[in-house]
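The values are calculated or read from the model by the stated rules, or taken from the named source; none is laboratory data. Model, not experiment: these values are computed from the prediction. Note that each Cβ is placed from the backbone with ideal geometry, even for glycine, and that neighbours are counted across all protein chains shown. When the accessible area is computed, the model is the full protein with side chains, heavy atoms only, and any ligands, DNA or RNA have been set aside. Shrake-Rupley method; radii C 1.70, N 1.55, O 1.52, S 1.80 Å.
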Amino acid sequence: MTPEVLYNIRTITYIIASATFIIGLKRMGNAKTARNGNLIAAVGMTLAIIASIFIHVNKVQTETGVAFEQVETPGFIYSLIFAAIIIGTIIGWLTAKKVQMTKMPELVSMFNGMGGACAALIGLMEFHHNTGNTGALIAIVLGLIIGSVSFSGSVIAFLKLNGTMNKPVRLPSYNIINTLVMIGVFAFGAYMIFSGTESSTLLYLLFAAALIYGILFTIPIGGADMPVVISLLNSFTGLAAAFGGFLYDNKVMLTGGILVGSAGTLLTLVMCKAMNRPLSNVIFGAFGGGGASAGDGPDVKGSIKDMSVADAAVLLNYSKKVVIVPGYGLAVAQAQHIIHELEMLLEERGVEVKYAIHPVAGRMPGHMNVLLAESNVDYGKLVEMEEINPELEQTDVVLVVGANDVVNPAAKTDPSSPIYGMPILEVDKAKHIIVNKRSMNAGYAGIDNLLFYDPKTSMLFGDAKKALTELVAELKTM
Amino acid sequence: MTEIINFIGTHQEIIFFIILSVFVGIEVIGGVPTVLHTPLMSGANAIHGVVIVGAIIVMLNVDANDYVALSLGFLAVVLGTLNVVGGFVVTDRMLEMFKKK
């Protein structure tokens, strides 16, 4: 085959891959077709990667028109590429297969960081090949900056989700410092593009500065907002990939990158909307940060009512309608199977059981759905917030398992509360509320919850899995 | 100013392409139910792993005697593969749980 034919075969592969990305994303938006959509996109990606490795033909401009030249690559470079792909596949596959369902958000963040780092490395290596070409340098420097920010930001997000770093770290006037650092990084980038410098030292300094900015950007943001941040960093990596596509005039990188960039941005905004907070408030705001707002407890506190497992079992057994509100505590305790058992047991006795899913329950939107789906909970029993709220008034018992901020009435009643305005599950309308929690510690937002002092509320302290297991055992004796 | 105008002129195809892709990206995930946000984010995460194509291009053109570039390129391909493989596998694992019972 002539180089021209080979070049065009690669182009066709890229067209197919781009189409699979769009179809894949579209199908991922529907529970029935989602898995198939993911598979389609994966096949397209594989095709694009194979074509990129085996067809190394460059299109060059000559005096008479365009020519296609096949480039010989030394065999050992191919060995290196294959070795790298094999290593990446084994590590990626094993990690993705082995990790617990509860650790999924961290993992997504980590993989996102890897993509960002890859984009940053491309920028580091391509810089010197393109001195004097302003257009290419813009793509290189922006890809380097955004990729690095995405990488270091994702690492911090990973550490926060994983609990290694659970308090937001705030330097004094961090907003001003962060803005200045951001402006500085971009000004430095502009210098690298337009000054014609070839200094490697400066290039690595820019890399370091962008990494530091990624850390500064993520570190003040509270754990509860990490899903939004991961989604945002996800779209950053998409953007960095798109700059790579611009640099190489590679359409598949462009489509993949831009699709994720725009879809990711929209997803970020949708998540913010679910929490009723503007994105700027997440990035610059004061959510879940020690500080004044968190310290100000509600003025009037009643007393907390403790409840025994036996009492809880009796209450549940004689109810007509029970709504379970799962939260991160359920995920941490790995209590998704036992809660399903409880649900089936109650249903057998004629109790109607539903799950109320708050859009941001857990550490990621949809986190609870994934977790409950794992233990075979019927998809139809998971009811979203808007639909369940009107039903709560006719509910006999609401069982809150490891959720806190998403049922905090302060979001509706206390304008001084940091979560004021966030839509919540209005569980205080129900006849009884049982709250299972490990302790009286505040939730991720670090604020007190008036619900626990409600006369209708009883607290069932203990690890979710342990408490629910005891509850199931108790119910079985009745 | 003229430079910018001419830059846009020379790259018009790609600019059209970018604008259309942005709208496709927005359209394609519009109206997705909340329950699918996590898998969707994860799936999108795998798709931006396409950046690995750039890492492969770098490796194919690298100077075989430049060990720094070789190691950086090698690392870039490993990281890109991690993003792609890990991303798709983890998304599949999440979605497996949504299958019809």
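Can you say whether A:Gly223 is modelled with pLDDT under 90 and not hydrophobic (A, V, I, L, M, F, W, C), as far as the supplied structure shows?
It is true that A:Gly223 is modelled with pLDDT under 90 and not hydrophobic (A, V, I, L, M, F, W, C).
Quick check, is B:Ala55 modelled with pLDDT of 90 or more, touching a Cys at 6+ places or on another chain (Cβ under 7 Å) and closer than 19 Å to A:Ile90 by Cα?
So B:Ala55 fits the description; yes.
Going by what's in this entry, would A:Ala335 be described as surrounded by 15 or more Cβ atoms within 10 Å (Cβ to Cβ) and either closer than 19 Å to A:Met459 by Cβ or modelled with pLDDT of 90 or more (or both)?
yes
Only residues that are open to solvent by less than 10 Å² (accessible area, probe 1.4 Å) and more than 29 Å from A:Lys476 (Cβ to Cβ): list them for the range A:341-366, please.
A:His358, A:Met364, A:Pro365, A:Gly366
Does the range A:84-97 include one or more residues that are facing another protein chain (nearest Cβ under 7 Å), farther than 19 Å from B:His48 by Cα and touching a Lys or Arg at 6+ places or on another chain (Cβ under 8 Å)?
yes
Kindly list, by first and then second residue, each pair from a residue in the range A:188-215 that is closer than 29 Å to A:Phe158 by Cβ to a residue that is crowded, with 18+ Cβ neighbours inside 10 Å and charged (D, E, K, R), limited to pairs with Cβ atoms under 6 Å and residues at least 6 apart or on different chains.
none
When only residues in the range A:97-106 that are out of contact with any Leu (no Cβ under 7 Å at 6 or more places or on another chain) and free of Cβ contacts under 8 Å to residues at least 24 places away in the same chain count, which is least open to solvent (accessible area, probe 1.4 Å)?
A:Lys97
Considering only the range A:379-475, give the strands (runs of 3 or more DSSP E) lying wholly within it that have at least 1 residues that are within 28 Å of the chain's Cα centre (by Cα).
Because the criterion is at least 1 residues that are within 28 Å of the chain's Cα centre (by Cα), the strands (runs of 3 or more DSSP E) in the range A:379-475 that meet it are A:382-384, A:397-401, A:432-437.
Scan the range B:68-78 and tell me whether some residue there is without any contact (Cβ under 8 Å) to a residue 60 or more places away in the chain, more than 18 Å from the chain's Cα centre (by Cα), crowded, with 23+ Cβ neighbours inside 10 Å and within 7 Å of chain A (Cβ to nearest Cβ).
No, that holds for no residue.
So, of the residues in the range A:391-411 that are touching a Gly at 6+ places or on another chain (Cβ under 9 Å) and polar (S, T, N, Q), which turns out to be surrounded by the fewest Cβ atoms within 10 Å (Cβ to Cβ)?
Here the residue is A:Asn404.
Name every residue in the range A:1-55 that is within 11 Å of chain B (Cβ to nearest Cβ), of a type in the set (Ser, Thr, Tyr) and not in a helix (DSSP H, G or I), in order of residue number.
Across the range A:1-55, the qualifying residue is only A:Thr33.
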